[in-house]
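Remarks on the structure that follows.
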């Protein structure tokens, strides 16, 4: 079982953290939250979508290339890394001082995706790789969000146990909890 900590404890840990991993379901607000945490703490913001996974035209970088880039990013001293790819937890968790798991209900994530698509459809949103305009979500992506808790949350728990059993994990279940955490550093 991951080493879960309360939001209050997470705020105390964040005050001195140099490397923070933000994970969660797409549409839940993790990228927006990550950029704000990075700005508040004056840490480098790293996005797996923007910096690692996607090349122009929604071409996915090969796995070996992704792992090489992630390893270089994780070696840096001060960062907030936004990205939920559990397949790279073995690289990221040993360097992480705190995990912030944005774990909002699926209806919140779906609504977040809807808002994002309405705002950015056809253009490249700020935290996405160049040449990757926001598409209409396909069935697979909607299914990923709908089934996240059932299919992917257990994998996250397993990988955290495997690669970062002593890393504190704070679960944030609402935008209100994320905002309260940010207010502690305002």
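Where helices (runs of 4 or more DSSP H) fall wholly inside segment 68-186, the ranges with 2 or more residues that are farther than 19 Å from residue 49 by Cα are 106-120, 139-146, 153-163, 175-183.
Scan segment 1-22 residue by residue and report those that are in a loop (DSSP other than H, G, I, E, B) and more than 18 Å from residue 175 (Cα to Cα). Full working, then the answer.
Filtering segment 1-22 for residues in a loop (DSSP other than H, G, I, E, B) gives 1-2, 6, 17-18.
Hits for segment 1-22 are 1, 2, 17, 18.
Return yes when residue 171 is surrounded by 14 or more Cβ atoms within 10 Å (Cβ to Cβ) and touching a residue at least 12 places away in the same chain (Cβ under 8 Å) and no when it is not. So residue 171 passes the test.
Of all residues in segment 23-41, those being outside any helix (DSSP H, G or I) and either under 10 Å from the mean Cα position of the chain (by Cα) or without any contact (Cβ under 8 Å) to a residue 12 or more places away in the chain (or both) number 6.
Tell me, which residue of segment 125-145 that is in contact (Cβ under 8 Å) with a residue 40 or more places away in the chain, crowded, with 16+ Cβ neighbours inside 10 Å and within 18 Å of the chain's Cα centre (by Cα) is farthest from residue 111 (Cα to Cα)? Checking each candidate, the answer is 129. Residues that are over 24 Å from residue 92 (Cα atoms) and exposed (fewer than 14 other Cβ atoms within 10 Å of the Cβ) within segment 146-167 comprise just one, 147. From the list 44, 77, the one residue that fits, being touching a residue at least 40 places away in the same chain (Cβ under 8 Å) and farther than 23 Å from residue 4 by Cβ, is 77. Could you tell me whether any residue of segment 48-61 is surrounded by fewer than 17 Cβ atoms within 10 Å (Cβ to Cβ), touching a helix residue (DSSP H, G or I) at 6+ places or on another chain (Cβ under 8 Å), without any contact (Cβ under 8 Å) to a residue 24 or more places away in the chain and not in a loop (DSSP other than H, G, I, E, B)? The answer is yes; a qualifying residue exists. Under the condition of being touching a residue at least 60 places away in the same chain (Cβ under 8 Å) and over 15 Å from residue 34 (Cβ atoms), which residue from segment 80-96 is surrounded by the fewest Cβ atoms within 10 Å (Cβ to Cβ)? Ranking the candidates gives 94 first.
Rule-based calculations on the coordinates, nothing more; no lab input. Note that the structure is a prediction, hence the values are computed from the model and not measured. Don't worry about glycine lacking a Cβ; one is built from the backbone with ideal geometry, like all the others, and counts go over all protein chains shown.
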